[in-house]
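Working notes, structure below.
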Number of protein chains: 2
Amino acid sequence: MTNSKKYHHGDLTKSLLDSASSLIKEHGVESLSMRKLADVVGVSRTAPYHHFKDKNALLCALAEKGFYEQEELLCQLLKKTLPTTDLFKQYVHLYLEYAQQHSETYDLMYGRVIWKAGTPTDSLVAASRQTFKTWIDWVETLQQANILPADNSPLRIGQTTWASLHGLARFYLDGIYLDKEDLSGMVDQMIKNLCRSTH
Amino acid sequence: MTNSKKYHHGDLTKSLLDSASSLIKEHGVESLSMRKLADVVGVSRTAPYHHFKDKNALLCALAEKGFYEQEELLCQLLKKTLPTTDLFKQYVHLYLEYAQQHSETYDLMYGRVIWKAGTPTDSLVAASRQTFKTWIDWVETLQQANILPADNSPLRIGQTTWASLHGLARFYLDGIYLDKEDLSGMVDQMIKNLCRSTH
DNA sequence: AAACTTATCTTGACGGTGTCAACATTGCGA
DNA sequence: TCGCAATGTTGACACCGTCAAGATAAGTTT
């Protein structure tokens, strides 16, 4: 029975996530519907509900995947042996590059759809917390290296610094007050704003 | 014919905007539907379509109103005779206060729903541009007063600075990485990050 | 191998959405 | 007063998320 039409799909969970990923990448989150997704994967309307409690759960899974991707990316960077200042600069560039190349996932990870309109899954909350903790720990190092300001706790500085990056990403992604070509110059200026050493 | 049921409503446009405003304030933008809105106002499903081309247009109108509100608020502040540094600090506090107290409108003004998923009205674009221009002009003054960094054009500094405020607002509003009580301390730290004078 | 259980997938149905088309009513200018 | 444009109405359509009930396959126990 190697025929194309099998009753059981094989690994629907993975297929759903993969297709959903590429669907939102191409057409945006708001145009993703469970029914279309099921159709693309080649399965009936309600089949996905055996793998995800509801649409919110599926979106959370996508966001969670995003957190692990992003963390992996940044952890890889931190392994490099470079002057800490350069490391930080590359970190910032990488952060915005990720937001740019995975804009829809980024929106899901930090956006309103899940965190305000929806209800974040426990495991999503865990993933986001871990990402945040990794960041805060590194902020402490950056403070000690006199790169980030040391006039407040790592938590506070971590929050404000990340908020700055996040705001930049959002303006860029939403296309308000920020032309696409401006990004590079923008990022450089933001780095200057954030770094004590360049003052 | 002063009876409650009149065929013509009076000023439906205004009523729609008012009701929509308070509906989103209470239940969030995503739960606002044209049908429910019409029902609240006491009019049939499709009546609003004689006043707004579609839902997007109505949301744009709400956002536009927000821009004028916000600009009014800030212009009032600038009239005060205070040391420029204090003025800037109050500006930042006021910005986040506005975002906090009109969170749903703020989301509409700067968020994805209109700027990415939807299509901003011409007049909305105009309003946002004006707000931005006012800001950039003031940034120039702030640079001359040595409050904001002068190592780049007013445009660039204006973009990055605003992005920082915006990111803070979003983290706060979406409730990620930021407890409600943290806001005040957060804003103070952000001001320290942004201001040259406090370095 | 047969029987039973569980995971997976199916169709049908319900109430909700935005919005188009066709028609009714009203107020205002000629 | 007539007629037209503005404003309101109901009906219809194609979507949406998701629940309920039943079909089918795979896996487990005897």
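Before moving on, here are some points about what is shown:
- Meets criteria (farther than 17 Å from B:His166 by Cβ and either at pLDDT below 95 or not in a loop (DSSP other than H, G, I, E, B) (or both)) for B:Thr141: yes
- Qualifying residue in segment B:42-55 (condition: more than 14 Å from chain A (Cβ to nearest Cβ), at pLDDT 95 or above, in contact with a His (Cβ under 9 Å, 6 or more places away or on another chain) and within 11 Å of DNA strand C (Cβ to nearest atom)): yes
- Screening A:Ala20 on (1) away from DNA strand C (no atom under 14 Å from the Cβ); (2) more than 14 Å from chain B (Cβ to nearest Cβ); (3) open to solvent by 20 Å² or more (accessible area, probe 1.4 Å) shows it passes everything except condition (3).
- Selection within segment B:88-123 - within 16 Å of B:Leu62 (Cα to Cα) and of a type in the set (D, E, K, R): B:Glu104, B:Asp107, B:Arg112, B:Asp122
Yes/no per residue for (1) within 30 Å of A:Ala145 (Cβ to Cβ); (2) free of Cβ contacts under 8 Å to residues at least 60 places away in the same chain; (3) open to solvent by less than 40 Å² (accessible area, probe 1.4 Å):
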residue: A:Leu16; (1), (2), (3): no, yes, yes
residue: A:Gly66; (1), (2), (3): yes, yes, yes
residue: A:Leu74; (1), (2), (3): yes, no, yes
residue: A:Leu77; (1), (2), (3): yes, yes, yes
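- Qualifying residue in segment B:84-103 (condition: modelled with pLDDT of 95 or more, surrounded by 15 or more Cβ atoms within 10 Å (Cβ to Cβ) and within 15 Å of DNA strand C (Cβ to nearest atom)): no
- Of all residues making up segment B:144-170, the number that are open to solvent by 20 Å² or more (accessible area, probe 1.4 Å) and in a helix (DSSP H, G or I): 4
- Segment B:22-39 residues that are under 14 Å from B:Leu108 (Cα atoms) and at pLDDT 95 or above, paired with ones that are of a type in the set (D, E, K, R) and surrounded by fewer than 18 Cβ atoms within 10 Å (Cβ to Cβ) (beta carbon under 8 Å, 6 or more apart): B:Leu23/B:Lys36
- The residue of segment B:43-57 that is farthest from DNA strand D (Cβ to nearest atom), among those that are under 13 Å from B:Ala20 (Cα atoms) and free of Cβ contacts under 8 Å to residues at least 60 places away in the same chain, is B:Lys55.
- Of all residues in segment A:183-193 being of a type outside the set (S, T, N, Q) and more than 7 Å from chain B (Cβ to nearest Cβ), the one that is most open to solvent (accessible area, probe 1.4 Å): A:Asp188
- Boolean, A:Leu12 is within 13 Å of DNA strand C (Cβ to nearest atom), open to solvent by less than 40 Å² (accessible area, probe 1.4 Å) and modelled with pLDDT under 95: yes
- Some residue of segment B:158-167 being more than 9 Å from every other protein chain (Cβ to nearest Cβ) and within 18 Å of B:Asp137 (Cα to Cα): no
- Taking the criterion of being without any contact (Cβ under 8 Å) to a residue 12 or more places away in the chain and either over 15 Å from B:Leu173 (Cβ atoms) or part of a helix (DSSP H, G or I) (or both), the residues of segment A:90-118 that qualify are A:Glu97, A:Gln101, A:Arg112, A:Trp115, A:Lys116, A:Ala117.
- Subset of segment A:171-199 (residues that are among the small types (Gly, Ala, Ser) and not in a helix (DSSP H, G or I)): A:Gly175, A:Ser197
- Residue match in segment A:108-128 (condition: away from chain B (no Cβ under 11 Å), within 12 Å of the chain's Cα centre (by Cα) and either loosely packed, with under 14 Cβ neighbours inside 10 Å or under 15 Å from A:Ile191 (Cβ atoms) (or both)): no
The values are calculated or read from the model by the stated rules, or taken from the named source; none is laboratory data. This is a predicted model, so every value here is computed, not measured. No Cβ is skipped: glycine too gets one built from the backbone with ideal geometry, and neighbour counts run over all protein chains shown. Heavy atoms of the whole protein, side chains included, go into the accessibility calculation; ligands, DNA and RNA do not. Shrake-Rupley method; radii C 1.70, N 1.55, O 1.52, S 1.80 Å.
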